[in-house]
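Each value in this text was obtained by applying a stated rule to the coordinates, not by laboratory testing. A quick note: this is a predicted structure, and the numbers were derived from the prediction, not measured. All Cβ positions, even for glycine, are placed from backbone atoms using ideal geometry, and neighbour counts span all protein chains on display.
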Amino acid sequence: MTPGREGDIYERIGVLRVINASGKMTMLGGTAVAPEVASAMAEAAQSYVSIEALLTRAGAYIADITGAEAACVTSGASAGIAQMVAACIAGTDTTRIERLPDVEGDRRDVLIQAGHVVSFGAPITQMIRMGGGRPVAIGWANAVTAAHLTGAINERTVAMLYVQSHHTVHKGMLDLATCMRMCNERGIPVLVDAAAEEDLRSYTSLGVDAVTYSGGKAIGGPTSGFIAGRKPLIEACRAQERGIARPMKVGKEQIAGLIEALRLDMIHDEGATTQVLMARVDRLVSALSGVPHLVVSTVWDEAGRAIPRVSLAVASGVPGCTAPALLAHLRDGTPPIYLRGHEASQGTLFIDPRPLADADVDVVAQRIAAFCTRLAGVTATPTQ
Ligand SMILES: *Cc1c(COP(=O)(O)O)cnc(C)c1O
């Protein structure tokens, strides 16, 4: 099978372009990058450079932007977790670096609050293990107390991982400041997974030991990521490039794309962006209000970011008219449309306006309305 010559890049390869109303989802390709980012990547891909020099320069640039002592590029936030953990366990010791993820000695426990033990498409605990760590969940999925944390810290503890994400439980967990105070008193570094967060300075200014971000999520870069934090820890993160981070290496084009995306992120006007998103949301809400079986409203991001979304509560009680059915119907159509479905089992879907092209807004509204109207037609017919 050879690629065709007609249509867009995905058609030529033989797959369908997807309408993404779901978010910056790794399974849908992360981010559709800005033209400036795409051309930075194309330019970087076509010539040679010392990767060592490029990584060092990129790290200095990211440190500057995040306000951290130092920073380094990774292939993503999941690699960032593995590398941060490996850095805490192996440091810059070549023998230990080369032996990971097998570790000598007992000091490899990584504490994580029970409500933070999530999967973002892969289990977070596995990323800890890849770095040689032993994940130790503390407390319960709905309640973690200071006593749980105190009781868990011992001579085997090497770090604590704090996860900031919509995936985690938000009630009943210890906040980051408390974790930092309790861990730092005992010399335990606190590592933060802030994969999809927008604020690139808040964790550094709080003084966390290291924080990792995904380049392909809020930052709008290519598949990539970085770690920002204390200088010795970042040096140890970089030292893992001779070990477990090798299969997570980043190409020169990703590095160039990430830097360009960060530059754009710095100069972007958040107020203007929110206005564009609100306009999309308003258009969807007015197109969908009055559609049978739907309760449409505007909601703000559950993790506190400035992201408005359309909430679609699907009225139950009508056969076939459920949130999971609507989700599947849109996904299986042409072109496939992906909504945010993590609350589908509770009857609600969300439309994320960020990855949605303006040209696709009406298509999304029409396809949703068509599904619900058809079902309304069915129920209006009396069944004998
Ligand atoms: C997406 C995500 C990751 C993984 O990030 P990648 O850059 O895809 O490796 C890790 N943690 C959380 C909370 C995420 O949402």
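The figures follow:
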read-out: Relative contact order (%) - the stretch 288-373, alpha-carbon pairs under 8 angstrom, separation at least six; value: 29
read-out: Dipole magnitude of the stretch 168-226, debye to nearest 20 (Cβ charges: Lys/Arg +1, Asp/Glu -1, about Cα centre); value: 80
read-out: Computed helical MRE - 222 nm, the chain, DSSP H runs ≥ 4 contributing -39500 (n - 2.57), nearest 500; value: -12500 deg cm²/dmol
read-out: Span-rule helices in the chain, defined as complete DSSP H runs reaching 18 Å or more along the axis (Cα) with Kyte mean at least 0.0; value: 51-66, 77-90, 252-267, 270-288, 358-380
read-out: For the stretch 302-381: rounded, prolate or oblate by the Cα gyration tensor [a/c cutoff 1.5]; value: oblate
read-out: The chain - convex hull of the alpha-carbon atoms, volume per residue in Å³; value: 172
read-out: Cβ charges +1 (Lys, Arg) and -1 (Asp, Glu), total dipole of the stretch 1-91, debye; value: 240
read-out: Check: the chain dipole with +1 on Lys, Arg Cβ and -1 on Asp, Glu Cβ, in debye; value: 620
read-out: Radius, Kirkwood style, for the stretch 227-384 when every pair of distinct Cα atoms is counted (Å); value: 18.8
read-out: Relative pair counts by distance (%), Cα atoms of the stretch 1-66, 10 Å bins; value: 16, 27, 36, 19, 3
read-out: Hydrodynamic radius by Kirkwood, which averages 1/r over all alpha carbon pairs of the stretch 177-257, in angstrom; value: 13.8
read-out: Reachable lysines from residue 24, criterion Cα separation under 28 angstrom, eight or more residues apart if same chain; value: 171, 217, 249, 252
read-out: The stretch 1-158 - Rg (one decimal) and Dmax (whole number), Cα, Å; value: 20.8, 63
